[in-house]
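Structure first, commentary second.
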Amino acid sequence: MKRDITLALGGGGSKGYAHLGVIRALEGLGFNIKGLAGTSAGSMAGAVYAAGFSPDEILERVSSVRQEDLFGFGRGAALLSPTGIQRVLEGFLGEMEFSDLRIPCQLTAVDLKEMSEVILREGSVLEAVLASIAIPGVFPPRELGDHLLVDGMVLNPVPVNVARELAPKLPVVAVSLSPEPECWKVVSPWDHKPANPLLRPISRLRIAKAFDVYLRSTDITLHMLGETRLKLEEPDILIRPKVSHIGSLDRVDVYEVAQLGEQAVRDVQDELKRIGKRRRRRNK
């Protein structure tokens, strides 16, 4: 008998291919995903899966794309343009609207004008994903209606509350692409060299060093914000793929990263078996 759940997929750039492995493993264990909430990289994986594509189909398509072709030169207040990412997403999502999706899905972004979180649940799915992945300073903000939107991770790294809103009576399985706090220093040592590969060719320039300090400081904030929200919102199961060695914009083997997601599900398989009983007790 299949067990119904909702998924909350966190952000993490290139780490996000792990979400596809998590989804594939959950399906293999007999879970039926009835709702998806995504932030940043989680919004890409979640929206394309919700559109009806299997993890295998998604991996096959994205593996054929050269990762250096995913980005173009940025203009204005951005280092890069997500032109290649947009072309890939168009191949999956086309002109789909949220009402066309096979599985209910909600994505998060942050409005720079209102300084608040925005839940994207209607209109163009493609535009919503592009807004949710607009990393401040790296990709340009996206105009959507009256909003000027950037990456949802700014306020909600793992959208447990948004997943729970989709189906309040179902268990929420959250996928965080950040390690536990006690591992932060171990997996990401500070060596005074730009961690972001985009900055390495200009690493001796003062602006590159300054931007790298800003990015690292932002990462620390996002890690802590994510941990705080996870403690407050209490997903029924928390899955943490071991992907902390991967940078947000690193070139990766998408199949290897997906396998790390599958392994993370196997690591909590016993907890997953008890998920239905725990939810029933909580509801009582």
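The values are calculated or read from the model by the stated rules, or taken from the named source; none is laboratory data. From a predicted model like this one, the values you see are computed outputs, not experimental measurements. Cβ coordinates were reconstructed from backbone atoms using ideal geometry, including for glycine residues, and neighbour counts include every protein chain displayed. Keep in mind that these areas ignore ligands, DNA and RNA; they rest on the heavy atoms of the full protein, side chains included. Shrake-Rupley method; radii C 1.70, N 1.55, O 1.52, S 1.80 Å.
What the table shows:
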read-out	value
Lysine pairs with alpha-carbon atoms under 15 Å apart, the chain, spacing 8 or more or separate chains	9
Per-residue ³J(HN,Hα) for segment 60-65, Karplus 6.51 cos²θ - 1.76 cosθ + 1.60, θ = phi - 60°, Hz, x for Gly and Pro	4, 5, 6, 5, 8, 9
R0 of 25 Å, Cβ-Cβ distance E271-T221: FRET efficiency to nearest 0.05	0.30
Mean separation of Cα contacts under 8 Å, 6 or more apart, over the residue count of the chain: relative contact order %	26 percent
For segment 76-190: relative contact order, % (alpha-carbon pairs under 8 angstrom, 6 or more apart)	24 percent
Highest-MSF residue in the chain out of M44, M115, M96 [GNM, Cα springs under 10 Å]	M115
GNM result for the chain, Cα springs below 10 Å: residue of R164, R75, R229 fluctuating most strongly	R75
Largest-first principal axis extents, alpha carbons of the chain, Å	58, 43, 39
Per residue accessible area of the chain, 1.4 Å probe, in Å²	51 Å²
Highest-MSF residue in the chain out of L70, L238, L20 [GNM, Cα springs under 10 Å]	L70
Evaluated at q = 0.16, 0.22, 0.34 Å⁻¹: base-10 log I(q)/I(0), Debye formula over Cα of segment 141-182	-0.62, -0.86, -1.12
Fully extended contour minus Cα-Cα distance, from R61 to L232, at 0.36 nm per residue	57.9 nm
Pairwise label distance in nanometres, C183 with E97, each label 7 Å out on the Cα-Cβ vector	4.2 nm
Cα gyration tensor, segment 21-118 - rounded (a/c under 1.5), prolate or oblate	oblate
Rounded percent of accessible protein surface that carbon and sulfur make up, segment 10-142, 1.4 Å probe	50 percent
